[in-house]
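Peer 1: The following block contains the structure, expressed as structure tokens.
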Amino acid sequence: MHEMFANLDVYIIALLFFAALAAGFVDSIAGGGGMITIPALLLSGVSPLQALATNKLQSTFGSFSATLHFYKKGFINLKFSLPFAIIAFVFSAIGTISVQFIQVDSLSKILPFLILIFGFYFLLAPNIGTTQKTKKASGTLLILAIAGIGLYDGFFGPGTGSFFILALILVGGFELTQSLGQAKLYNFATNIASLIFFALGGHMLWWVGIVMALGQFIGANLGAKMAIRYGIRIVKPLIVAVSFLMAAKLLYEQL
């Protein structure tokens with residue numbers, strides 16, 4: 001067995017696979033899959049840096065799986081979306097490099113409250129994402145939103161998928177399923193950027209990440225199918241639940 005598995009029991013590897021499968025399912029619908037996989041990796045005994053790096057590897061496969069499914073079903077217009085994906089990639093790369101020099105403690109303290117606001121907005125807005133706006137917001141505003149979220153994902157990360165969804169609905173004017181599809185494409189771009197720099201840093205547990213990537217790929221594909229089939233009925237409750245759980249977890253970590 002590969003040396004990367006040497007210190008991990010086969011049962012732990014199996015649990016990491018199923019944790020990744022669950023995370024892929026949740027993340028493809030509502031974002032926040034890292035809440036499942038990063039604690040699972042840390043509990044398995046790997047270092048925090050290895051956990052972050054390996055999480056990017058497996059989550060890249062999940063976001064690719066969901067993106068591919070949404071694209072095949074016609075919810076992603078590559079001609080429109082690809083330039084934004086490139087912007088997300090570039091700014092995520094900048095964020096990944098910048099995290100080595102920028103203090104992010106203040107951001108970590110306000111993030112739970114931002115996510116709570118996001119969750120309450122989805123909970124209380126009755127018609128959010130049910131229709132597509134006939135008049136789109138300016139391209140400049142959407143570029144700034146995508147760039148900002150990409151930068152954020154590069155040097156911090158929790159809730160990135162959810163923030164993409166909200167930006168595409170409120171700023172882009174898209175309905176929910178189209179927003180989900182585009183969000184996964186942009187999240188795939190930010191994941192690739194971070195993955196490259198983590199790989200260059202030499203902190204990746206490749207074989208563990210590949211096993212988890214298989215779970216992510218399966219879970220994300222199933223989640224994307226559920227999101228398309230049931231739409232707002234499943235997406236909205238799951239986004240609200242994930243937002244509240246994510247905010248609670250981040251607040252608990254600050255205590």
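The values are calculated or read from the model by the stated rules, or taken from the named source; none is laboratory data. Because the structure is a prediction, the values reported are computed rather than measured. Counting neighbours? That spans all protein chains shown, and the Cβs are built from the backbone with ideal geometry, glycine included. We work out accessible area using only protein heavy atoms, side chains counted, and drop any ligands, DNA or RNA first. Shrake-Rupley method; radii C 1.70, N 1.55, O 1.52, S 1.80 Å.
Peer 1: Looking only at helices (runs of 4 or more DSSP H) that fall completely inside region 140-255, which ones have 1 or more residues that are within 20 Å of ILE97 (Cα to Cα), open to solvent by 10 Å² or more (accessible area, probe 1.4 Å) and not small (Gly, Ala, Ser)?
Peer 2: Per the criteria, 176-201.
Peer 1: Identify, please: which residue in region 22-51 is crowded, with 24+ Cβ neighbours inside 10 Å and more than 11 Å from the chain's Cα centre (by Cα) and is, among those, nearest to ALA85 (Cα to Cα)?
Peer 2: Looking at residues that are crowded, with 24+ Cβ neighbours inside 10 Å and more than 11 Å from the chain's Cα centre (by Cα), I get PHE25.
Peer 1: Can you list residue pairs whose Cβ atoms sit under 7 Å apart, with the first residue in region 70-93 being closer than 21 Å to GLY231 by Cα and the second being open to solvent by 40 Å² or more (accessible area, probe 1.4 Å) and among the polar types (S, T, N, Q)? Count only pairs 6 or more apart in sequence or on different chains.
Peer 2: PHE75/GLN178
Yes/no matrix, rows are residues, columns are (1) modelled with pLDDT of 90 or more; (2) basic (Lys, Arg); (3) farther than 19 Å from LEU166 by Cβ; (4) surrounded by fewer than 20 Cβ atoms within 10 Å (Cβ to Cβ):
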{"site": "TYR11", "(1), (2), (3), (4)": "no, no, yes, yes"}
{"site": "ALA53", "(1), (2), (3), (4)": "no, no, yes, no"}
{"site": "LYS56", "(1), (2), (3), (4)": "no, yes, yes, no"}
{"site": "PHE91", "(1), (2), (3), (4)": "yes, no, no, no"}
